[in-house]
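The structure appears right after this line, and notes come after that.
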Amino acid sequence: MSADIRPFRWEGTQLELLDQRRLPSEEVWIPCRSPEEVAEAIRNMTVRGAPAIGIAGAFGLVLAARRQPTDLEEAATLLRSTRPTAVNLSWALDRLLERARRGGGYPELEAEAVRIAREDEEQNRRMGEHGQSLVPQGATVLTHCNAGALATGGYGTALGVIRAAWEHAKQVRVLADETRPLLQGARLTAWELARLGIPVTVIPDSAAGRFMRAGQVDLVVVGADRIAANGDVANKIGTYSVAVLAREHGIPFYVAAPLSTVDLATPSGEAIVVEERDPGEVTSVAGTATTPPGVPAANFAFDVTPHHLVTGIITEAGVIRPPYERNLRLTFTT
Ligand code: MRU
């Protein structure tokens, strides 16, 4: 695989997904031939990251449209139920259902899913251009989880900003939080950046404060799974702690996300459903138990960062600043 990283391949009759659970050790592609197989791949995190699961879900519906008899609504309900927090999944499914309601059959739905994927990559590149202007020459950027090409239609959101800065000849350096419990930062962000030749150092999640206090972080850029109408941001668990630390140390905290991640129907973060996953993801590492038997663990996949901690939201339409309630709405109406 070249530096041109994409988490999926559409092969006309099947969706192939790069199994992100096995990175960085192995690059294995999993074929999905039905909406049920796509749903399972989203649920078990073969594919993950808000825009990428939206794209996978869209192709899941395309696969449903291929078979007879077709019940698109039922397939959409199944796909929608896989992961509740990322709004991009529902957004992409609704876009395909709408196309079907306007008389679209299999070819039209396939074209729409391909368009969603292509648009996402284009939006990421535009977002990168807007965002890179916020990255000083020689900056150290801290990021959390993986908001790179692997999580999108290509290029990446938070990592797209970093990539764009690098492409503008800025000598950036990245601190990647390892991102417990599933280690998206250590496994995926480090893998992507190493491929791109961008200097990256993986740090334990608990080390972010130490680096900030030592003056070794210039800005934070993270992705998002859902941005409420008031600018509250749901993202990978641990993002909120990073935002609080950034505020304490006077470090700008940016969120990079396409407008498909903004959910004006959700008034604030309190209304965002946060996925709870199997506690086993917390109580073991690579199949080895790390806690005593019978001790419970909590496994919230996401947390919500209140809007007052967010310096700016980088989108394909530009950088949105507070007051978010007003400025997010304006972005959709102008
Ligand atoms: O549980 P994951 O790995 O799907 O969580 C992913 C994140 O939290 C990302 O930061 C977010 O989806 C944005 S990806 C461009």
Criterion first (under 26 Å from Thr266 (Cα atoms), within 16 Å of the ligand (Cβ to nearest atom) and open to solvent by 60 Å² or more (accessible area, probe 1.4 Å)) does Arg6 satisfy it? no
Selection from the range 76-94 of residues that are within 13 Å of the ligand (Cβ to nearest atom) and either open to solvent by less than 20 Å² (accessible area, probe 1.4 Å) or at pLDDT below 95 (or both): Thr82, Arg83, Thr85, Ala86, Val87, Asn88, Leu89
Between Leu134, Leu142, Leu159, which is in contact with a strand residue (DSSP E or B) (Cβ under 6 Å, 6 or more places away or on another chain), away from the ligand (no atom under 13 Å from the Cβ) and at pLDDT 95 or above? Leu142
Within the range 211-227, restricting to residues that are over 23 Å from Ala165 (Cβ atoms) and touching a Phe, Trp or Tyr at 6+ places or on another chain (Cβ under 9 Å), the one that is least open to solvent (accessible area, probe 1.4 Å) is Asp225
Selection within the range 214-229 - away from the ligand (no atom under 15 Å from the Cβ) and not in a strand (DSSP E or B): Ala214, Gly215, Gln216, Val217, Asp218, Ala229
Only one of (1) at pLDDT below 95; (2) open to solvent by 50 Å² or more (accessible area, probe 1.4 Å) fails for Gly105. Which number is that? (2)
Unique match (being touching a helix residue (DSSP H, G or I) at 6+ places or on another chain (Cβ under 7 Å), within 30 Å of Ile116 (Cβ to Cβ) and of a type in the set (Ser, Thr, Tyr)) among Thr311, Thr261: Thr261
Out of all the residues in the range 165-172, is one or more open to solvent by 10 Å² or more (accessible area, probe 1.4 Å), assigned by TED's automatic domain parsing to the domain that holds Thr239 and in contact with a strand residue (DSSP E or B) (Cβ under 9 Å, 6 or more places away or on another chain)? no
When the range 230-287 is checked residue by residue, the ones that are part of a strand (DSSP E or B) and not aliphatic (A, V, I, L, M) are Asn235, Lys236, Phe253, Tyr254, Asp263, Glu276, Ser284
Given the criteria away from the ligand (no atom under 16 Å from the Cβ), touching a strand residue (DSSP E or B) at 6+ places or on another chain (Cβ under 8 Å) and closer than 21 Å to Ala208 by Cβ, does Gly312 qualify? yes
Just one listed residue, out of Pro51, Pro31, Pro35, is farther than 24 Å from Val285 by Cα, surrounded by fewer than 16 Cβ atoms within 10 Å (Cβ to Cβ), within 22 Å of the chain's Cα centre (by Cα) and modelled with pLDDT of 95 or more, and it is Pro31
Could you check the range 283-319 and list, in sequence order, the residues that are of a type in the set (Phe, Trp, Tyr) and open to solvent by less than 70 Å² (accessible area, probe 1.4 Å)? Phe302
Tell me yes or no: at least one residue of the range 108-127 is closer than 30 Å to Gly209 by Cβ and either assigned to a helix (DSSP H, G or I) or of a type in the set (Ser, Thr, Tyr) (or both). yes
Quickly run through the range 169-213 and pick out the residues that are in contact (Cβ under 8 Å) with a residue 60 or more places away in the chain, closer than 12 Å to Asn146 by Cα and in a helix (DSSP H, G or I). Gln184, Arg187, Leu188, Ala190, Trp191, Glu192
Any residue at all in the range 278-293 that's more than 30 Å from Leu330 (Cα to Cα), under 18 Å from the mean Cα position of the chain (by Cα) and free of Cβ contacts under 8 Å to residues at least 40 places away in the same chain? no
Listed by first then second residue, the pairs whose first member lies in the range 1-26 and is modelled with pLDDT of 95 or more and among the aromatic types (Phe, Trp, Tyr), whose partner is in a loop (DSSP other than H, G, I, E, B) and surrounded by 11 or more Cβ atoms within 10 Å (Cβ to Cβ), with beta carbons under 7 Å and at least 6 positions apart or on separate chains, are Phe8/Val47
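The values are calculated or read from the model by the stated rules, or taken from the named source; none is laboratory data. What you see is a predicted model; the values in this text were computed from it and never measured. All Cβ positions, even for glycine, are placed from backbone atoms using ideal geometry, and neighbour counts span all protein chains on display. Just so you know, the surface numbers come from the protein's heavy atoms only, side chains and all, with ligands and any DNA or RNA stripped out. Shrake-Rupley method; radii C 1.70, N 1.55, O 1.52, S 1.80 Å.
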